[in-house]
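The values are calculated or read from the model by the stated rules, or taken from the named source; none is laboratory data. Computed from a predicted model, the values in this text were never measured in an experiment. When we count neighbours, we look across all protein chains shown, and the Cβ atoms used for this are built from the backbone with ideal geometry, even at glycine.
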């Protein structure tokens, strides 16, 4: 299959200027899905504030966005530290006046059977994927959105049937889906909408964090999906941008699955083989995870 050259800019499905004059914070914006979301939002006119713990990674993404003609700011801090979150949100409000959108993307986990997870490991993953997101939501609401309104999109995962091999992450992600519902109800009076997305197996840089021993399993994941392929970062970003947009003005308290139909897989009725469903990739700077670079079976096509 021939692959055409990518366009010199983000090829979003949304209209230009959709987020003009809006300040949108993307946590974990230095890599992976967060980087992609930051690029699309900036391409649509937002002033994007990308956050994370690694200043160098944030600076590289800011330079990319600036080179593409977008507006980006960075601030490095740890979402797991309450005092750092309070100070960082205050600094963002000081610099930009208000926060109109929050993409609670930052998180992380490690594979392990439940019986082998220590309390320290369990707590670390829950803090990364649930507590840190709660702190960001609370501070953005208390310091800005309670006055201006806005939209929050949280990150969960495909955990509907449990999350074997990552019990800590599954528990945290399920908690985030429930927290999303509570916030949507409690903050509706302030015209703040709160939704979540639940990506499945997405061909993103996070796949490279699991080490070479996991590579064969990662490459085979697409075989368990009705669409017979992994998702792309741009396919997650498009849903997030919709949930932040005026088009989702009557949408709040939901979690949108972006998983290629993973929970629908049915051993009773094997699916007819096919080469993989069509993709959408508007991200002109997208890169294939290293773990998939040697995959000749089309895992990321």
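Give just the number: which of (1) in a helix (DSSP H, G or I); (2) surrounded by fewer than 19 Cβ atoms within 10 Å (Cβ to Cβ); (3) modelled with pLDDT under 95; (4) over 20 Å from the mean Cα position of the chain (by Cα) does residue 189 not satisfy?
Going through (1) in a helix (DSSP H, G or I); (2) surrounded by fewer than 19 Cβ atoms within 10 Å (Cβ to Cβ); (3) modelled with pLDDT under 95; (4) over 20 Å from the mean Cα position of the chain (by Cα) one by one, residue 189 breaks only (3).
Among the residues of segment 140-161, count how many are crowded, with 23+ Cβ neighbours inside 10 Å and more than 25 Å from residue 201 (Cβ to Cβ).
Residues meeting the conditions: 5.
Give me a count of the residues in segment 83-128 that are within 30 Å of residue 21 (Cα to Cα) and in a loop (DSSP other than H, G, I, E, B).
Of the residues in that region, 7 qualify.
Is it the case that segment 32-46 has a residue that's farther than 22 Å from residue 184 by Cα, in contact with a strand residue (DSSP E or B) (Cβ under 6 Å, 6 or more places away or on another chain) and outside any helix (DSSP H, G or I)?
The answer is yes; a qualifying residue exists.
Evaluate the following for residue 289: is it out of contact with any strand residue (DSSP E or B) (no Cβ under 9 Å at 6 or more places or on another chain), at pLDDT below 85 and within 25 Å of residue 15 (Cα to Cα)?
So residue 289 fails the test.
Kindly provide the set of residues from segment 162-186 that are farther than 22 Å from residue 245 by Cα and either more than 19 Å from the chain's Cα centre (by Cα) or part of a loop (DSSP other than H, G, I, E, B) (or both), ordered by number.
162, 163, 164, 165, 167
Among the listed residues 72, 76, which satisfies the condition of being in contact (Cβ under 8 Å) with a residue 12 or more places away in the chain, surrounded by fewer than 20 Cβ atoms within 10 Å (Cβ to Cβ) and in contact with a helix residue (DSSP H, G or I) (Cβ under 6 Å, 6 or more places away or on another chain)?
76
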